[in-house]
Amino acid sequence: MNSGLTKTLGLYILIALAILRFAVVPLHKALKDKATLLNDYKETYKVAALAHERRKSDLSAPQKDLAERQDRLKSLYQKGEPYSTIQADLIQKIIEGAQKKGMTVVSYQLMEVAQSKVLSEVPVSVKLDGTALMLMDLLVDMKAWDKKIKIRHLEASKGGKGSKDMTFSITLSVFRVER
């Protein structure tokens, strides 16, 4: 009887283990799938959080852009100023800067303004006598001026025999906002 009871008990244990195996294995697989899905959700959340932070910083960016734009506008002449006044101001600054550096202004020419709907280019042409070092110092000083200057053309030619001086022909432009 003992052996029959042991066989029956062993059979029941075997059946119970078989049922557990068929019940636990699919649950274990489902648990692994859920863990993978959870990791995917974590990654998606991280990406969404980063995108949200970027959007948040982008909302503050227009204020920075506006400040930068206002700074750039300060370096341009405003709409109300006449072109001739702008050209005269530029010529005066160049003459003063050239004299400080020991250069001589030979001539200057007020050139035709290139107008557009947004920004007009106001050019002048100047001929200077001096050394290349003097010109470099003048150009460095021009960079520090409150209005932005664009050098459109620069030509250098040697002076007379034995002279260290050169003649420089420079075409410069400043800009006026039209809106």
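Here are some conditions: (1) touching a Lys or Arg at 6+ places or on another chain (Cβ under 6 Å); (2) under 18 Å from Leu76 (Cα atoms). Leu138 meets all but one. Which one does it not meet?
Only one criterion in (1) touching a Lys or Arg at 6+ places or on another chain (Cβ under 6 Å); (2) under 18 Å from Leu76 (Cα atoms) is unmet by Leu138, namely (2).
Only one of Asp165, Asp146 is surrounded by 14 or more Cβ atoms within 10 Å (Cβ to Cβ) and among the charged types (D, E, K, R). Can you tell me which? Step through it out loud before you land on a result.
On the way: Asp146 fails: surrounded by 14 or more Cβ atoms within 10 Å (Cβ to Cβ).
Exactly one residue qualifies, and that residue is Asp165.
Taking into account only those residues within the range 55-111 that are aliphatic (A, V, I, L, M), part of a helix (DSSP H, G or I) and modelled with pLDDT of 90 or more, which is surrounded by the most Cβ atoms within 10 Å (Cβ to Cβ)? Working first, answer last.
Within the range 55-111, the first condition is being aliphatic (A, V, I, L, M), and the residues that meet it are 59, 61, 66-67, 73, 76, 86, 88, 90-91, 94-95, 98, 103, 105-106, 110-111.
Narrowing the set further to residues that are part of a helix (DSSP H, G or I) leaves 59, 61, 66-67, 73, 86, 88, 90-91, 94-95, 98.
Next cut, modelled with pLDDT of 90 or more only: 86, 88, 90-91, 94-95, 98.
Values: Ile86: 21, Ala88: 13, Leu90: 24, Ile91: 18, Ile94: 22, Ile95: 16, Ala98: 22.
The extreme case among them is Leu90.
Would you say Arg176 is closer than 13 Å to Leu90 by Cα and either touching a residue at least 12 places away in the same chain (Cβ under 8 Å) or assigned to a strand (DSSP E or B) (or both)? So that I can check it myself, show each step before the final result.
On the way: closer than 13 Å to Leu90 by Cα: yes; either touching a residue at least 12 places away in the same chain (Cβ under 8 Å) or assigned to a strand (DSSP E or B) (or both): yes.
It is true that Arg176 is closer than 13 Å to Leu90 by Cα and either touching a residue at least 12 places away in the same chain (Cβ under 8 Å) or assigned to a strand (DSSP E or B) (or both).
The values are calculated or read from the model by the stated rules, or taken from the named source; none is laboratory data. Just so you know, these numbers come straight off a predicted model, no measurement behind them. Ideal geometry is used to build each Cβ from the backbone, glycine not excepted, and the neighbour counts take in all protein chains shown.
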